[in-house]
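These notes are about the structure you will find just below.
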Amino acid sequence: MTISNIEEIKCPNGHIFEAQLLSAISISENPELKEVLIAGEINLVSCPECGEMFYAECFILYHDSKNELIAFVYPLSFQNQAAQCKMKMCKEFELALENFEEKQKIKYEPLLLFGIEDLIILLRSEQDIEDEEMILKYLASKILLDTIKIVPSLARKLGIPKVLPVPKGEKSIETKSLISGLQILIKHNANLQHYIEFLDKISKHKTIIADLKK
Ligand SMILES: [Zn+2]
């Protein structure tokens, strides 16, 4: 659920005023807010007294169910209370889960972040990966590749794309088929940085495949 509240805030020059700030963002409800967030314009306020524009920090709960991402974003100044924040997050998350219907139960862990900048960096990097996934999907039909999808939360945890290339006809994820799928892909497009990194990773740590099959 997307929620905004009227909060009292103080500008860098000490003026106090009220502004409407977002405290919860649901991307399934308001998909347009992702762009606004990535552009750094969420909770950006301007002081009515001196005109100074600044980011008004407050706690934000970010939820994108399609991408399996829940982030508890605390203000940067809470960084030295990370342990307490984590405890609070786990408690609130458990409470929230109890209120969900069984079929909606969330099977992935929430992320704990400090400062909106970290969330923006994460979303930008995932957007870069999505761009590469689009290229893979486009190329796959032309260069005899099939694609296998893994769940977004697992891809995020491993730091890899969630759409993976395998040679045409392969249906399961095996180290050998992933490596040759990646090699074929990179041969056709040498600019796919995230796939190049994944090929490097899987060549060095073949056990990563066990994590993918979980
Ligand atoms: Zn001011």
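Coordinate-derived values only; no laboratory data. On a predicted model such as this, the values are computed, not experimentally measured, just so you know. Here the Cβ is made from the backbone with ideal geometry for all residues, glycine too, and neighbour counts use every protein chain on show.
Assorted remarks:
- Taking GluC sites (Glu not before Pro) across the range 67-173, the ones in a DSSP loop with at most 15 further Cβ atoms lying within 10 angstrom of their Cβ are E101.
- FRET efficiency, 1/(1 + (r/R0)^6) with R0 22 Å, evaluated for S141 and I173 via beta carbons: 0.65
- Measuring how big the chain is from its alpha-carbon positions, Rg and Dmax come out at 20.7, 65 Å.
- Residues in the range 164-194 that a label on K213 would reach, taking backbone N under 12 Å of a point 7 Å out along Cα→Cβ: 172-176
- Across the range 66-214, Cα pairs under 8 Å and at least six residues apart give a relative contact order of 19 percent.
- Counting neighbouring beta carbons within 10 Å and listing from fewest to most, the residues Y55, Y62 come out as Y55, Y62.
- The range 1-73 and the range 102-160: distance between their alpha carbon centers, rounded to Å: 24 Å
- In this label model, K187 and K157 are separated by 3.4 nm, measuring between points 7 Å along each Cα→Cβ vector.
- Extension gain, I6 to N99: 0.36 nm times the residue separation minus the Cα-Cα distance gives 30.9 nm.
- Every helix of 4 or more DSSP H residues in the chain counts as -39500 (n - 2.57), and over all residues that averages to -12500 deg cm²/dmol at 222 nm.
- Amide hydrogen neighbours beyond the local backbone of S23, cut-off 5 Å, H modeled: I3, S4, N5
- Potential lengthening of the chain between F78 and S203 amounts to 41.1 nm, from the contour at 0.36 nm per residue minus the alpha-carbon distance.
- Förster-model FRET efficiency, 25 Å R0, E52 and E32, C-beta, rounded to 0.05: 0.40
- M87/K107 FRET efficiency (R0 25 Å; Cβ-Cβ; nearest 0.05): 0.70
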